[in-house]
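Throughout, read-outs are computed from the coordinates displayed, never taken from laboratory work. Just so it is clear, the structure is predicted and the values come from calculations on it, not from any experiment. So basically every Cβ, Gly included, is an ideal-geometry build from the backbone, and we count neighbours across all protein chains shown.
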Amino acid sequence: MAKRGKKVAKVSAPTGRDLQDLRRLLRKAGGREVLIQWLDQCQGPKRGRRGYDPFEDFSISGAPVKGLYVMRWRMRGENCIAVVSPAKRWVRKLIEGGELKIATPHQTFLEIAKTHGGGHHSREAFAYKLAKKFGEKLREIKQSN
């Protein structure tokens, strides 16, 4: 969160320890020019939250019927499969007992998030991440053809 009020303009002066560290670095570098080169070569700290990808071995392949794609991935050691049709916006998913259920891809991704748990994400965010991964892989397939 951004600083407000008096804290915005407040600049902290270097402490004695900071000055000692700076002098130590100058001596080790052998001069200001070399120290500046060192600082230019250093990468800054990584900012933001580390990405979390719960999907392993995510792949998409064409199904026997035109316009359908079979999504396969592994998550927490469990193999998952869904048949998706991005053009018609429906999904056929095999449920226990051999029934086929028809739903939109988003509904299917939400159901997968509900059954497998989102982990670090909410269900909506998990479903969005799965849909995004599906879209990326689908674009890769279409570009390669």
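Counting Lys and Arg as +1 and Asp and Glu as -1, what is the net charge of the other residues whose Cβ lies under 13 Å from the Cβ of Q20?
Computed value for this residue: +3.
Treat the count of other C-beta atoms within 10 Å as a stand-in for reagent exposure and order S144, S61 from fewest to most. Write out the running numbers ahead of the final one.
Working: S144 6, S61 10.
Result, fewest neighbours first: S144, S61.
Quick one: T108, T15, fewest Cβ neighbours within 10 Å first, how do they rank?
With the sparsest Cβ surroundings first, the list reads T15, T108.
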